[in-house]
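Everything below concerns the one structure shown next.
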Amino acid sequence: MSKKILIVYTSWYEEHISEMLKISKEILEDFDCSSAVAPGALELSALANQKILNSDFKGVLFLGIVIRGETSHYDLVTRETFRSISNLSMDKFELAFINNVICVENIGQLKTRLVKNTTNNAKALIQPVSYTHLTLPTKA
């Protein structure tokens, strides 16, 4: 049985996202990983949904960075990004979803959290996608 993982990541903060991708792919090297890039955090869930339709992915890892600016845009982006990923995980409950969108006040906080969060979240995806058989309820 295929153990395919989709890694969906944002195009913002390319240097840091590249590091997150590298860490994730090293940890998930025993899996068949595909990746897709979204324009921003708000589009992560929609892109993942498009890619998992009629596919045999077992899990999705979201990688993104949202840094607070001087406007309320940060609050909107973080809230809606997390809501949409959560909604997708409930709609597609047969798949494993891990949200590694890191929301911070500044680059210093990002540097403190990037490696640890990405490592822990990539590792967290291994167990649920490693199950060889998932029995889903059937309709009577």
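Things to note:
- Every residue from the range 58-84 that is at pLDDT 95 or above, under 25 Å from residue 30 (Cα atoms) and not small (Gly, Ala, Ser): 60, 61, 62, 63
- Of the residues making up the range 1-20, those that are over 22 Å from residue 106 (Cβ atoms) and either open to solvent by less than 50 Å² (accessible area, probe 1.4 Å) or assigned to a helix (DSSP H, G or I) (or both) are 2, 4, 5, 6, 7, 8.
- Where helices (runs of 4 or more DSSP H) sit wholly within the range 28-140, those with at least 3 residues that are of a type in the set (Ser, Thr, Tyr), surrounded by 17 or more Cβ atoms within 10 Å (Cβ to Cβ) and within 13 Å of the chain's Cα centre (by Cα) occupy 73-91.
The values are calculated or read from the model by the stated rules, or taken from the named source; none is laboratory data. Just so you know, these numbers come straight off a predicted model, no measurement behind them. With ideal geometry, Cβ positions are generated from the backbone for all residues, glycine too; neighbour counts draw on all protein chains shown. With ligands, DNA and RNA removed, areas are computed over all heavy atoms of the protein, side chains included. Shrake-Rupley method; radii C 1.70, N 1.55, O 1.52, S 1.80 Å.
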